[in-house]
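Where a number appears in this text, it was derived from the coordinates with a stated rule and is not lab data. Since the model is a prediction, treat every value here as computed from it, not as a measurement. Neighbour counts run over all protein chains shown; Cβ positions are idealised from the backbone, glycine included.
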């Protein structure tokens, strides 16, 4: 399959497409968010099999508390963080990769934040 066909697999998120946004926000909303949504089942399965993560799910009184624990968990384990970011980068088209590499530090930070939020939102209610 051509890398360009990857874009066709992504879900549309109309609420993410905002006018008058910075180019980095535009890339986040038009490219990264749909990829992360597409990879949702993978992300959930990744954390469901992680026994250390499962212990974090206990005794969280608020979503904010749990989100902070998820951010610390992922942030303190570079292996996990890089695998998750790689699962998103691997879904970029060639032209999107060029944009990503132009400011990879900022894009990695945004990917990390979005994944943490998705994980917290998914697992907090369980």
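So how tilted is helix 104-124 from the main axis of the chain? Cα-based, degrees 0 to 90, rounded to 10. The helix 104-124 is inclined about 40 degrees to the chain. With neighbours defined as other Cβ atoms within 10 Å of a residue's Cβ, the residues 91, 114 order from fewest to most as 114, 91. Contact order, relative form, for the chain: 36 percent (alpha carbon pairs under 8 Å, 6 or more residues apart, mean separation divided by residue count).
Once every DSSP H run of n ≥ 4 in the chain is given -39500 (n - 2.57) and the sum is divided by its residues, what mean residue ellipticity at 222 nm do you get, rounded to the nearest 500 deg cm²/dmol?
Estimated from H runs of four or more residues: -19500 deg cm²/dmol.
Under 17 Å from a label point set 7 Å out along the Cα-to-Cβ vector of residue 61, no amide N atom of region 84-126 is found.
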